[in-house]
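**Student:** Supplied in structure tokens, the structure appears directly below.
The values are calculated or read from the model by the stated rules, or taken from the named source; none is laboratory data. Computed from a predicted structure; not experimentally measured. All Cβ positions, even for glycine, are placed from backbone atoms using ideal geometry, and neighbour counts span all protein chains on display. Heads up: the accessible areas ignore ligands, DNA and RNA and are worked out on the full protein's heavy atoms, side chains in. Shrake-Rupley method; radii C 1.70, N 1.55, O 1.52, S 1.80 Å.
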Amino acid sequence: TRNYLAALDVNTGNATSWDPNSDSPIEKLAVHGTNIYAAGSFTNIGGQARNRLAAIDASSGNATSWNPNPNNGVNAIAIDGSTVFVGGYFTNISGQPRNKLAALDISTAAATAWNPNPNGDVTDLVIDGASTMYVAGSFTNISGQARNGIAAININTGSASSWNPNPNASVDRVYDNGGTVYITGPFNIVGGQSRSWLAEIDKTTGIATTWDPRPNYEIKGIGTIGSLIYVGGSFQVIGGRMQKMLAAINASTGVATSWDFKLSGNDIKSVLVSGSNVFMVGDFRNANYQVRSGFFRMDLSGNLLP
């Protein structure tokens, strides 16, 4: 028995003894040093009262003394050195007014002076190098600049760069890919091009690349390795193929590979590529005609693993 959060042996799938025992669902995890940073709708986790955001000891499962106490939900966590950046729905965190986005001291949980102040919710954060963080959400203004759904923010000053893909709808997720970023959301124009639900954006110009898999519905998870992009969501068509919920897309052409992975359910919510494994989390019951409820792994060629 594990409530909302567990540690699993990567080879056997067995649950370890680690058990923070959250009282409500977990939305986001980040790992840094010996701590697991968790965000969700909980009010108690790791044996302590913690509202929506906590640091959990990776060995004991106990909550540390770190306690920012946001007044509303947290959707995204990104850690850089001594700073924990968080985004979500909150308007107050660590006793300070902060709209949807904040930087917290990793030791004390105090909110720093960094304050881009987006005017809408933040759904995802990705740190790129020493100075840039890509922020995704439903905002139309951030750091005093007009930016629709996606912006590049300096992690030291909080200012927005001139980079501006300007999607015509909100952005759900952003993924780093070296010289480009992948973004997902309900847009159909971004970076000056027609792109639906999924796009690759040049980090320098903000223009959409020619890569265009054209999924017919929502993308919720992306994992990359080599020349392949593993994509999960609630789509039925992607990369020129009928492929429900899960596909491997060529990183250069945007074409889906020919393997035909069968899933029974509603969607894939998250994708993680680790070594030769691809882990999938979502709302499904069967994978390749075998019982798999909510979680499975496959190899890089699309073969279901035990």
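**Student:** Does segment 222-290 come out rounded, prolate or oblate, given a ≥ b ≥ c as the square roots of the eigenvalues of its C-alpha gyration tensor, rounded meaning a/c under 1.5 and, failing that, prolate meaning a/b above b/c?
**Tutor:** In terms of gyration-tensor shape, oblate.
**Student:** Which net charge results when you count Lys and Arg as +1 and Asp and Glu as -1 among the other residues whose beta-carbon is under 12 Å from that of residue 274? Please list the in-between numbers first.
**Tutor:** Working: positive: 297; negative: 299.
Taking every other residue near residue 274 into account, the sum is 0.
**Student:** Excluding ligands, DNA and RNA, what is the solvent-accessible area per residue of the chain at a probe of 1.4 Å, expressed in Å²?
**Tutor:** 42
**Student:** If exposed trypsin sites (Lys or Arg not before Pro) are those in a DSSP loop with at most 14 other Cβ within 10 Å, what is the longest stretch of the chain that has none? Display every interim value, and only then the final one.
**Tutor:** Working: sites that count: 2, 262.
Excluding the exposed sites themselves, the longest stretch runs over 3-261.
**Student:** Moving to a separate point now. All other residues with a Cβ under 15 Å from the Cβ of residue 178 taken together, and with Lys, Arg as +1 and Asp, Glu as -1, what is their net charge? Don't jump to the answer; show the numbers that get you there.
**Tutor:** Details: positive: 203; negative: 128, 176, 200, 202.
Cβ neighbours under 15 Å give a net charge of -3.
**Student:** Could you tell me which of rounded, prolate or oblate describes the chain, using a ≥ b ≥ c as the square roots of the eigenvalues of the alpha-carbon gyration tensor, with rounded for a/c under 1.5 and, failing that, prolate when a/b is larger than b/c and oblate otherwise?
**Tutor:** oblate
**Student:** Local charge sum around residue 94 (other residues, Cβ-Cβ under 14 Å, Lys/Arg +1, Asp/Glu -1)?
**Tutor:** With Lys, Arg at +1 and Asp, Glu at -1, the neighbours total +2.
**Student:** Placing unit charges on C-beta atoms (Lys and Arg positive, Asp and Glu negative, everything else neutral), compute the dipole magnitude of segment 101-235 about its Cα centre in debye, rounded to 20.
**Tutor:** 180
**Student:** Can you give me the C-alpha center-to-center distance between segment 237-290 and segment 70-145, rounded to a whole angstrom?
**Tutor:** Centre-to-centre distance over Cα atoms comes out at 31 Å.
**Student:** Leaving out ligands, DNA and RNA, and with a 1.4 Å probe, what % of the accessible surface on segment 144-190 is carbon or sulfur?
**Tutor:** 42
**Student:** What is segment 178-229 by shape, rounded, prolate or oblate, if you read a ≥ b ≥ c off the alpha carbon gyration tensor as root eigenvalues and call it rounded for a/c under 1.5, prolate for a/b larger than b/c, and oblate otherwise?
**Tutor:** Oblate.
**Student:** Hey, another quick one. What is the calculated FRET efficiency for residue 92 to residue 8, with r their C-beta to C-beta distance and R₀ = 51 Å, to the nearest 0.05?
**Tutor:** 0.90
**Student:** A follow-up question, please. Find the Cα radius of gyration of segment 11-73, compare it with 2.2 N^0.38 Å by division, and give the number to two decimals.
**Tutor:** 1.07
**Student:** Follow-up. Over the chain, what is the relative contact order in percent, taking alpha-carbon pairs closer than 8 angstrom and at least six residues apart? Write out the running numbers ahead of the final one.
**Tutor:** Working: 868 pairs, mean separation 20.1, N = 306.
Worked out over the chain, it gives 7 percent.
**Student:** A further question on this structure: Under 12 Å Cα-Cα from residue 28, which aspartates and glutamates qualify once same-chain neighbours fewer than 8 residues away are excluded?
**Tutor:** The qualifying aspartates and glutamates are 124.
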